[in-house]
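The values are calculated or read from the model by the stated rules, or taken from the named source; none is laboratory data. On a predicted model such as this, the values are computed, not experimentally measured, just so you know. Backbone-built Cβ (ideal geometry, glycine too); neighbour counts: all protein chains shown.
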Amino acid sequence: MATAPYGVRLLVGAAVTAFEETRKLPQTILMYPMTVASQIAHLVMKVQQDVADLVIRGDEALDQLFPPKDEQPEWATFDEDLDDNGLATPSSDGERLTEGRFALFTDGEPDGADAKPSNASTAADSPDVVAELDYESLTLAQLRARLTSLRVADLEALLAYEDATKARAPFQTLLSNRITRATAK
């Protein structure tokens, strides 16, 4: 079979392509808004990346022309600064700090506190509920879980014991609030 001339083959190929695209037209029309939205989103992201790249290059150029100063503003305080001054650093014995809302550990005694009684003398003076609960080893969450099973007298004894020994503000608040709720019932 002889081949058709180039022009005829071109026209037949264009006609077949037009016919196939016409058959796909309903699906293409439905997908067209998504395609346009996708292309717009791609263009926006590309522009954002180009702008960010220009800003980074500008920062690098400015850093070379005007090197940044390593000075710290007077009003800025960082955790490292607190460690230098001896405030709020963790202690090796794990003793909790009673000062401040979020402070948990301290190296020594809280400001204005005298030496704490030894464990032997506090064990002899402690109420029975302290030994029953093993109060000294309880975390705040563990104490909170056990509060519902305690009587008001036990709660008051724990609060007095806490005041006399460690005087930890979160523990005192928890016990005081529980006493208030228990007595209000």
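This table checks each residue for (1) farther than 13 Å from P127 by Cβ; (2) not in a helix (DSSP H, G or I).
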position	(1), (2)
A141	yes, no
Y161	no, no
K166	yes, yes
P170	yes, no
S176	yes, no
A182	yes, no
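Quick check on F78: is it surrounded by fewer than 10 Cβ atoms within 10 Å (Cβ to Cβ), within 55 Å of the chain's Cα centre (by Cα) and modelled with pLDDT of 85 or more? If you could, list the steps in order and put the result at the bottom.
Working: surrounded by fewer than 10 Cβ atoms within 10 Å (Cβ to Cβ): yes; within 55 Å of the chain's Cα centre (by Cα): yes; modelled with pLDDT of 85 or more: no.
Judged against the criteria, F78 is not a match.
Return yes or no: is M45 loosely packed, with under 10 Cβ neighbours inside 10 Å and in a helix (DSSP H, G or I)?
Working: loosely packed, with under 10 Cβ neighbours inside 10 Å: no; in a helix (DSSP H, G or I): yes.
No.
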